[in-house]
Amino acid sequence: MNRAMVAAIVLSVAGMSSQAQAAKFDPSESLANFQPELSEEFKQLLREGDVEAGADFFERKCANCHDVAKDGIHNKGPLLWNLFGRKAGSIKEFEYSEAMINSGHSWDYATINYYLTRTDRAVPGRIMNFRGIRKDKQRADLLLYLRQFNDNPPALP
């Protein structure tokens with residue numbers, strides 16, 4: 001086999017690998033017609049996560065618009081108490097975008113992670129003025145922080 005053939009085979013296998021990953025976790029897909037899954041790597045980040053780092057991130061990036069207290073209030077964004085398991089756009093006292101109301105998903109580790117990766121692609125037309133969190137570790141830490149603000153915190157995946 002010559003070098004050109006070997007290079008072509010290597011490139012095609014590498015391309016298939018990245019296509020398989022993209023199909024598994026594709027931020028260009030709207031949550032309205034896509035059910036994301038968590039990668040094993042992200043599950044590991046959740047298991048090894050840092051709640052304090054998640055709290056720090058929340059205070060810096062989320063607390064201006066969201067409250068997490070059980071008796072908290074809606075702000076520019078909805079109250080995040082009992083976020084896990086809640087149907088998106090379902091709090092009657094908060095005015096959501098039509099896009100969020102019609103997104104048709106419930107919040108779990110996979111959907112929150114996917115949404116926070118690129119909010120504009122996950123729910124096109126959403127109101128939230130926050131593009132997303134690029135770093136997996138920061139999203140995992142934030143999810144660990146948020147899960148404790150639930151009547152029945154979900155088990156880690």
Whole-Hz ³J(HN,Hα) from phi, Karplus 6.51 cos²θ - 1.76 cosθ + 1.60, for segment 118-132, glycine and proline x: 8, 4, 5, 8, 5, 9, x, x, 5, 8, 3, 8, 8, 6, x
Listed pairs K43/K70; K76/K135; K43/K137; K87/K135; K61/K135 exceeding 18 Å between Cα atoms: K43/K70; K76/K135; K87/K135
Roughly speaking, what is the stretch gain from N102 to N33, that is 0.36 nm per residue apart minus the C-alpha to C-alpha distance, in nm to one decimal? 23.8 nm
Would you mind computing Rg(Cα) / (2.2 N^0.38 Å) for segment 27-147, counting N as its residues? 0.99
Along the Cα-to-Cβ line of K137, 7 Å from the Cα, sits a label point; which residues in segment 31-62 have backbone N less than 17 Å from it? 41-58
Which percent of Cα pairs goes in each bin when the distances of segment 82-157 are cut into 5 angstrom slices starting at zero? 3, 16, 25, 26, 20, 9, 1
Exposure proxy check: D151, D141, D67, D56 ranked by fewest other beta carbons within 10 Å? D151, D56, D67, D141
Dipole size in debye (nearest 20) for segment 27-147 around its Cα centre, Lys and Arg Cβ +1, Asp and Glu Cβ -1? 220 debye
Net length gained if the chain between H74 and R118 were fully extended (0.36 nm per residue, minus Cα distance): 13.6 nm
Using amide H atoms built 1.01 Å from N in the peptide plane, name the residues 5+ places from S106, or on other chains, whose amide H lies under 5 Å from its own. A88
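Any read-out appearing in this document is the output of simple, stated calculations on the displayed coordinates, not a laboratory observation. Here the structure is a predicted model, which is why all the values come from computation and not from measurement. Using ideal geometry, Cβ is built from the backbone for each residue, glycine included, and neighbour counts are taken over all protein chains shown.
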